[in-house]
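Sharing a structure here in structure tokens format.
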Amino acid sequence: MKNRLAIFDLDGTLLDTIGDLAEACNYMLSLRELGSHTREEYAKMVGNGILNLVKRALPEELRTDEYVMAARADFLDFYTANIDRHTRPYDGIYEVLHTLQDEGWSLAVASNKFDEGTQKLVRSIFPDIHFSAIYGNKEGFPLKPDAALLDLIIKECDADVATTWMIGDSGVDIQTAKNAEVRSIGCSWGFRPRTELEEFGADYIVDAPSEILQILL
């Protein structure tokens, strides 16, 4: 019998990271004497990796490859050093992870955040949770919604599409689940509106972490 596997997105699903992302982006902009953005504005920019976040934060006329890469380097220097100053798990997430772990589920993280940051946050904030796989964006793997990362995690965790769920807060996560042919749970407490989860066709939409357990157990 294949393992039951719950794959979680990170930013906006397990962790509220927008404060640290916004602070790092605004630091990068301040170095260039450019205007800042609000947390609400950054919530609309995240979800497709750090490079795309930095590009969206910059004025359109500055979005050349060379300029964006330099801005990304400044962002990463600040963000890596200050990655968990404001970041916290959403209320109820600990209980969900503990319960699934106790019930024998395999747990994994699949994020478009750079891999080093993903590993650091998951291991420092959830030290007592065993994740069978933790992956952020790394060389050789395309970003979600490409299914490559989920396919790898499913194989590593000895699961299959029938026993796997993708849980995330954005249309990117829901489309990733569709591309990997697994079921999905959309989380309305994250960075994207509930309407986006509906538009992308999430199998279920939950308004509180505890509702995940009602679906999976």
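Normalise the Cα radius of gyration of region 18-81 by 2.2 N^0.38 Å (N = residues in it) and let me know the number.
Working it through for region 18-81, the quotient is 0.96.
Could you compute the FRET efficiency for Asp77 and Asp207, with r as their C-beta to C-beta distance and R0 at 41 Å, rounded to 0.05?
Values: r = 37 Å, r/R0 = 0.90.
After rounding to 0.05, the efficiency reads 0.65.
Take the Cβ-Cβ distance between His86 and Glu139 as r, set R0 to 30 Å, and report the resulting FRET efficiency rounded to the nearest 0.05.
It comes out at approximately 0.60.
For the chain, what is the relative contact order in percent, using Cα pairs closer than 8 Å and at least 6 residues apart in sequence?
26 percent
Please compute the contact order of region 18-81 in relative form: average sequence separation of alpha-carbon pairs under 8 Å and at least six residues apart, divided by the residue count, as a percent.
37 percent
Over region 97-139, what is the relative contact order in whole percent, taking alpha-carbon pairs under 8 Å and six or more residues apart?
Computed over region 97-139, the figure is 50 percent.
Grab the beta carbon distance between Lys44 and Glu95, set R0 = 30 Å, and tell me the FRET efficiency rounded to 0.05.
0.55
From the alpha carbon gyration tensor of region 34-150, can you work out the equivalent ellipsoid semi-axes (sqrt of 5 times each eigenvalue) and give them in Å, largest to smallest?
Square roots of five times the eigenvalues give 30, 16, 13 Å.
Right, here's the next one. Within 11 Å, Cβ to Cβ, of Tyr27, how many net charges do the neighbouring residues add up to if Lys/Arg are +1 and Asp/Glu are -1? The partial results should precede the final answer.
On the way: positive: Arg32; negative: Asp20, Glu23, Asp74, Asp77.
Neighbourhood net charge equals -3.
Roughly how tilted is helix 115-125, in degrees to the nearest 10 and between 0 and 90, from the longest Cα axis of the chain?
60 degrees
Calculate, axis by axis, the spread of Cα positions in region 83-211 along the three principal axes, and write the results as whole Å, longest axis first.
33, 33, 30
Full-extension gain between Lys120 and Arg194, please, as 0.36 nm times their residue separation minus the C-alpha to C-alpha distance.
23.8 nm
Any read-out appearing in this document is the output of simple, stated calculations on the displayed coordinates, not a laboratory observation. None of these values were measured; they are calculated from a predicted model. Ideal geometry is used to build each Cβ from the backbone, glycine not excepted, and the neighbour counts take in all protein chains shown.
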